[in-house]
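The values are calculated or read from the model by the stated rules, or taken from the named source; none is laboratory data. Please read all numbers here as calculations on a predicted model, not as lab measurements. Glycine gets a Cβ as well: all are built from the backbone with ideal geometry, and neighbour counts include every protein chain shown. Quick note on the areas: whole protein, heavy atoms, side chains included, nothing else; ligands and nucleic acids left out. Shrake-Rupley method; radii C 1.70, N 1.55, O 1.52, S 1.80 Å.
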Amino acid sequence: MFGESSYGGGRKRKMRKPVVGVIGNAHRVENRFQVQMVGERNLRAVAEVSGGLPVMFAGSPDITDIGALLDTVDGIVLTGARANVHPTRFNVDPCEKHEPYDIHRDEVALALSVACVARGIPLFGICRGLQEMNVAFGGSLHPEIREIPGRMNHRMPRLENGEIHPDPTVVFADRHDVDLTPGGAFARLLGCERIRVNSLHGQGILDPGKRVLIEGVAEDGTIEAIRIAEAPTFALGVQWHAEYDPQRNPINRKLFEAFGAALVERQRATA
């Protein structure tokens, strides 16, 4: 029975909630205090839909021991973030107009992506997380997808004065379709071959990494869903912000539920 595990002597003990490490982002409060930050929607998606216990860990290599972290958690979520992956990670010169960067998170997230797959630990990459997974396996990014001829503007909606639209229902509204690979992992999981998603990103995948399989593409050709080939467990990434509404959005709910099922499987396998 889900939630219980049998032990010797006929006794049963309730299984603990799977622990999910959620990566933090560097942030400065009042332009003075350095903090690590995670959007609450990521935490609630893990807790309320995946059934896990979300625990934020620092995107700082000097205080985050990846081996110790992976000995502690049952899965990892690489969230979206304001900062772009630093271009030197895929052999491109940096440019001021593509800032900010978070080089410390880069160092943690890229190493962590490879380690999760190697150790069979469920990994879910969202927006920047998808980009990190791609770079971790040797892929590259375009710093501004909308500058590629024929591509749409994938960034969040703004007012005429350039400010971000104040209504989150507008910012996170579904903006474009994604065609899923027929018979692929996403199509099987979601039970369809076309979905509609939100869009809040500037960077995007240019060249897929060696083990990165394309699972979904936007109507303008932008890669929106990936999986890591031959990963022993859940290792999926999405370019859209699936954490925004999985409590009511059936597509995003299925993704977080599948991640939750992988967490339980991992937990049982290592019990």
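The table that follows gives values for the structure above.
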{"read-out": "Accessible surface of the chain, 1.4 Å probe, proportion on carbon and sulfur as whole %", "value": "51 percent"}
{"read-out": "Residue-normalised accessible area of the stretch 19-270, expressed per residue, 1.4 Å probe, Å²", "value": "45 Å²"}
{"read-out": "Distance between the stretch 158-195 and the stretch 207-223 - C-alpha centres, whole angstrom", "value": "15 Å"}
{"read-out": "Residue 98 accessible area, assembled protein chains, probe 1.4 Å, Å²", "value": "20 Å²"}
{"read-out": "List 172, 259, ordered by accessible area with a 1.4 Å probe, largest first", "value": "172, 259"}
{"read-out": "Nearest-10 value in Å² for the accessible area of residue 97, using the 1.4 Å probe", "value": "140 Å²"}
{"read-out": "Amide H partners (placed H, <5 Å) of residue 240, local residues excluded", "value": "127"}
{"read-out": "Shape call, the stretch 129-225: gyration tensor on alpha carbons, a/c limit 1.5", "value": "oblate"}
{"read-out": "Cα gyration tensor shape of the stretch 8-98, rounded if a/c is under 1.5, else prolate or oblate by comparing a/b with b/c", "value": "prolate"}
{"read-out": "Theoretical ellipticity at 222 nm over the chain - DSSP helices of four or more residues, -39500 (n - 2.57) apiece, nearest 500", "value": "-7500 deg cm²/dmol"}
{"read-out": "Most to least packed among 188-196, 162-170, 99-107 [average Cβ atoms within 10 Å]", "value": "99-107, 188-196, 162-170"}
{"read-out": "Label corresponding to Rg and Dmax of the Cα atoms in Å when calculated from the structure given, among (1) 19.0, 62; (2) 18.4, 69; (3) 23.2, 76", "value": "(2)"}
